[in-house]
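Comments concern the structure below.
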Amino acid sequence: MKVTIRPLVESDAYTSVKWRNDPEVFKYTGNTYKNEIKIENELEWIRKVTASPTDYRCAILADDVYVGNIYLTDIDGTSAHYHIFIGNKEYWGKGVAKQASLQILDYAFNKLKLTSVALRVRKANISALMLYKKLGFVEEKADDTWISMRVVAE
């Protein structure tokens, strides 16, 4: 399966809004939504985040099918925060997240010349924790719910 990433575009909202309203997709993220996300909200969100100079927000494509999102946020010249979710559940457990993560980390370290990338993950998200460790992320701190991790440029 060929996995690629590309910057988010406004039309992605028509797919991603479905994922945001699926509690199973977002159960391990830091985002919880009390109300249904409407297409207008999703379009507005994509316009806002794609205009941000401190964010690099991408769609994940598997064999040209839009299956999730991956981001670098709070980019400050030396570091950024990493986020990912696979919204299309048919692609869970197929290595898509690993391939997309390798691409965005390559972008972070080789194109943006960052020195580190940080993330926060729920302790209960075992598959994500395993992936992050394979990618070189190291635990920095933890509480009852969350683990903070970081990977540094080689």
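A few points about this structure:
- Among the residues of region 41-58, those that are surrounded by 18 or more Cβ atoms within 10 Å (Cβ to Cβ) and either among the β-branched types (Val, Ile, Thr) or modelled with pLDDT of 95 or more (or both) comprise Ile46, Asp55, Tyr56, Arg57, Cys58.
- Within the set Ala118, Ala100, the sole residue that is in contact (Cβ under 8 Å) with a residue 24 or more places away in the chain and closer than 23 Å to Trp19 by Cβ turns out to be Ala100.
- If you check Leu135, Leu131 for being touching a residue at least 24 places away in the same chain (Cβ under 8 Å), more than 14 Å from Ile60 (Cα to Cα) and in contact with a Lys or Arg (Cβ under 7 Å, 6 or more places away or on another chain), only one passes: Leu131.
- Failed condition for Ile75, given (1) of a type outside the set (Gly, Ala, Ser); (2) touching a Cys at 6+ places or on another chain (Cβ under 9 Å); (3) within 20 Å of Gly136 (Cα to Cα): (2)
- Residue in region 78-94 that is among the polar types (S, T, N, Q), surrounded by fewer than 17 Cβ atoms within 10 Å (Cβ to Cβ) and in contact with a Ser or Thr (Cβ under 6 Å, 6 or more places away or on another chain) present: yes
- Pairs are defined by a Cβ separation below 9 Å, a sequence spacing of at least 6 or placement on different chains, a first member in region 61-82 that is closer than 20 Å to Lys94 by Cα, and a second member that is charged (D, E, K, R) and surrounded by 14 or more Cβ atoms within 10 Å (Cβ to Cβ); the pairs so defined are Ala62/Lys94; Tyr66/Asp12; Asn69/Asp12; Asn69/Arg57; Ile70/Arg57; Tyr71/Asp55; Tyr71/Arg57.
- All of Lys98, Lys123 fail the test of being more than 16 Å from the chain's Cα centre (by Cα) and on the phi < 0 side of the Ramachandran plot, apart from Lys123.
The values are calculated or read from the model by the stated rules, or taken from the named source; none is laboratory data. As the structure is a prediction and not an experimental result, all values here were calculated from the model. So basically every Cβ, Gly included, is an ideal-geometry build from the backbone, and we count neighbours across all protein chains shown.
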